[in-house]
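Following: one structure in structure tokens, then a few remarks.
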Amino acid sequence: MLLPDLLFLSLLVAPSMVSAALFPKNSQVKFIDSKGFKKIMKQNTTSAVAFVAPWCGHCQKMAPEYSQAALGLYPLVPFYAVDCDKQDNKALCSQQGVQGFPTIKLYPRGKQAKPIPYETAERTASGFFYWASRNIPHGVKKLYNIDDIPGWVEEHKSEMRALLVNNGKHIPILWQVLGNKYKDHFTFAIHRDRKGKSSVKMGMEAGEKGSSKVLIYPPGKTDFVRYEGLTKHDSLTKFFDSIIDGTADLEILNEEAATEEFEPTEEELEIERQQEVQRIALAHGGFSDLIDFEEAIKQHGKDFHGKNGFPGSMGDMPKKGQKAGDKKAGDKPEDPMKKILKSQAEAAAKSTQSAPMMKTGDGAQVVFEPETETGHPKTPAPRVEPTPEVDSDAVPTEQTPVEVPAASTTPLVDETQVETEAGEEETVAAKATPTAAAEPAETPEVHDEL
């Protein structure tokens, strides 16, 4: 009786194992059931949910791209998956209008906002990334001039207000996420302080490039309290939750936040490394060779890392063991982008050196290899033998077809830019997906620290 029991247990475990294997190992995509889905819908957060089936071929093609987008937005916009092949999840999938796989939806603010379906035919990592990051209902107001701040402070004097002062061009995704989550308790705004002049006028230091200042205005007051803690997602969330709770004094909370040290786990450090690799790939513009990389630098700027910071934060990731109040602790590590540029400059210097003497062949003739624009030897095109003319009156005879070798090359592309074949969704009715929309060229800032 032991064998039948083992077989029965293996059949029970097999579906969950297949579901887990759908996404890459260590993926930030988490599988949820109907209870987990209800819990997520109660939160005022933006989240993406993919309704899949393990046997679905399109789901298998989509999974690595969906996982890459989850990594890029971690921990700001969580990505989930529901296995609709499981009996316990069939009712949930039916309630959410799932008629084919994969069906992917973004829930901007839990159950408080209408879900946004992913309707682009090409299911790529960058497509998922932009679709999720550009649909966060943050409600953050931009204050373009320093003279706009007093008016905004006075207009919302009876409310708790949170103002971000930094020199970034866009609203950091972290600030959007916080604005979305706490919009019922705070009024959010942002002021771009390009050269630090606004900070000086407000009685603060100008600050270094990439630095951010979070200012809290208590209800009924026009003077701010400057947040002294780590400008990371979990630290700011903890601070805002404590303010909403109302059981502690704001000044005391701020003093406690200033003593917090950055102590990442090994798992968090590994996620940070993976995100940095993804960021470098994005800076390459989705290409691997240096010619396209030069174009990406012109488009995104050489200080790509400084402008975008680290996911889950605003600005550079703090040093391990660094306290929140110690903004200058430790030396800043060398930017990987600068290393690449340095290597490129060295390669360019070598190319300007005098060329070596030409080689000669056995017949004392100069050996010459033609070069392409990229400097690589050309691959000769396959020679096609001409087809002899056939007399229309002649009796046709069988001829052995001439085999022509096909010359093909495999371009190097970046994982985050690889486009999956859209094709038709695997539905009962085999419905065709809409045509692909052009992907946006501009990259939003993904910060886990302000």
### Summary
For region 143-158, the count of residues that are among the aromatic types (Phe, Trp, Tyr) and surrounded by 14 or more Cβ atoms within 10 Å (Cβ to Cβ) equals 1
#### Entry: Selection within region 165-194 - assigned to a helix (DSSP H, G or I), farther than 14 Å from ILE216 by Cα and of a type in the set (A, V, I, L, M)
ILE173, LEU174, VAL177
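Residue-by-condition table, conditions (1) farther than 14 Å from LEU143 by Cβ; (2) in contact with a His (Cβ under 6 Å, 6 or more places away or on another chain):
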{"position": "ASN166", "(1), (2)": "no, no"}
{"position": "LYS169", "(1), (2)": "yes, no"}
{"position": "GLY179", "(1), (2)": "no, yes"}
{"position": "ARG194", "(1), (2)": "no, no"}
### Query
When you look at TYR217, is it among the aromatic types (Phe, Trp, Tyr) and farther than 24 Å from ASN254 by Cα, yes or no?
no
### Message
Which residue is nearest to GLN43 (Cα to Cα), if the candidates are limited to region 231-264 and must be at pLDDT 85 or above and either part of a loop (DSSP other than H, G, I, E, B) or in contact with a Ser or Thr (Cβ under 8 Å, 6 or more places away or on another chain) (or both)?
### Response
HIS233
#### Entry: Residue ID - most open to solvent (accessible area, probe 1.4 Å), chosen from residues in region 173-191 that are over 18 Å from GLY229 (Cβ atoms) and out of contact with any strand residue (DSSP E or B) (no Cβ under 7 Å at 6 or more places or on another chain)
ASP184
### Message
Please go through (1) open to solvent by less than 30 Å² (accessible area, probe 1.4 Å); (2) assigned to a helix (DSSP H, G or I); (3) out of contact with any Lys or Arg (no Cβ under 9 Å at 6 or more places or on another chain) for ARG161 and return the number of the only condition it doesn't satisfy.
### Response
(2)
### Message
Please verify whether GLY210 is at pLDDT below 95, on the phi > 0 side of the Ramachandran plot and crowded, with 18+ Cβ neighbours inside 10 Å, treating the condition exactly as stated.
### Response
yes
### Task
Check LYS25 against each of (1) at pLDDT below 95; (2) in contact with a strand residue (DSSP E or B) (Cβ under 9 Å, 6 or more places away or on another chain) and name the one condition it does not meet.
(2)
### Task
Could you list, in sequence order, all residues of region 238-257 that are buried (at least 16 other Cβ atoms within 10 Å of the Cβ) and β-branched (Val, Ile, Thr)?
ILE243
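How many residues does region 39-50 contain that are in contact with an Asp or Glu (Cβ under 9 Å, 6 or more places away or on another chain) and crowded, with 23+ Cβ neighbours inside 10 Å? Before the answer, list the steps.
As a first pass, look at region 39-50 and keep what is in contact with an Asp or Glu (Cβ under 9 Å, 6 or more places away or on another chain): 44.
After this cut, where a residue has to be crowded, with 23+ Cβ neighbours inside 10 Å as well, the list is none.
Here the count works out to 0.
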### Message
Condition first: surrounded by fewer than 21 Cβ atoms within 10 Å (Cβ to Cβ) and without any contact (Cβ under 8 Å) to a residue 60 or more places away in the chain. Now tell me which residues in region 74-88 satisfy that.
### Response
PRO78, TYR80, GLN87, ASP88
### Residues located in region 193-208, provided they are within 17 Å of LEU450 (Cα to Cα) and among the basic types (Lys, Arg)
ARG194, LYS195
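For region 213-232, enumerate the residues that are of a type outside the set (S, T, N, Q) and either open to solvent by 40 Å² or more (accessible area, probe 1.4 Å) or free of Cβ contacts under 8 Å to residues at least 24 places away in the same chain (or both). Steps first, please.
Here is the first cut: in region 213-232, the ones of a type outside the set (S, T, N, Q) are 213-221, 223-230, 232.
Of everything in region 213-232, those that are of a type outside the set (S, T, N, Q) and either open to solvent by 40 Å² or more (accessible area, probe 1.4 Å) or free of Cβ contacts under 8 Å to residues at least 24 places away in the same chain (or both) turn out to be PRO219, GLY220, LYS221, ASP223, PHE224, ARG226, GLU228.
Keeping to region 89-115, report how many residues are open to solvent by less than 50 Å² (accessible area, probe 1.4 Å), closer than 22 Å to GLN43 by Cβ and under 24 Å from the mean Cα position of the chain (by Cα). Can you show your working first?
Taking region 89-115 first, the residues open to solvent by less than 50 Å² (accessible area, probe 1.4 Å) are 89, 92-93, 96-98, 100-110, 113, 115.
Keeping just the survivors that are closer than 22 Å to GLN43 by Cβ gives 89, 92-93, 96-98, 103-110, 113, 115.
With the extra rule that they be under 24 Å from the mean Cα position of the chain (by Cα), the set shrinks to 103-110, 113, 115.
Adding up the residues that qualify gives 10.
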### Cβ-Cβ under 7 Å pairs, at least 6 apart or on other chains, region 255-271 side of a type in the set (A, V, I, L, M), far side at pLDDT 85 or above
ALA257/TYR227; ALA257/GLU228; ALA257/GLY229; ALA257/SER235; ALA257/PHE239; ALA258/GLU228; ALA258/GLY229; ILE271/TYR74
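Test LEU174 against the stated conditions and say whether it is under 30 Å from the mean Cα position of the chain (by Cα), closer than 22 Å to ILE149 by Cα and modelled with pLDDT of 90 or more.
On the way: under 30 Å from the mean Cα position of the chain (by Cα): yes; closer than 22 Å to ILE149 by Cα: yes; modelled with pLDDT of 90 or more: yes.
Answer is yes for this residue.
The values are calculated or read from the model by the stated rules, or taken from the named source; none is laboratory data. All values reported here derive from a predicted model rather than from experimental measurement. Virtual Cβ from ideal backbone geometry, glycine too; neighbours counted across all protein chains shown. Surface areas here come from the heavy atoms of the whole protein model, side chains and all, with no ligands, DNA or RNA. Shrake-Rupley method; radii C 1.70, N 1.55, O 1.52, S 1.80 Å.
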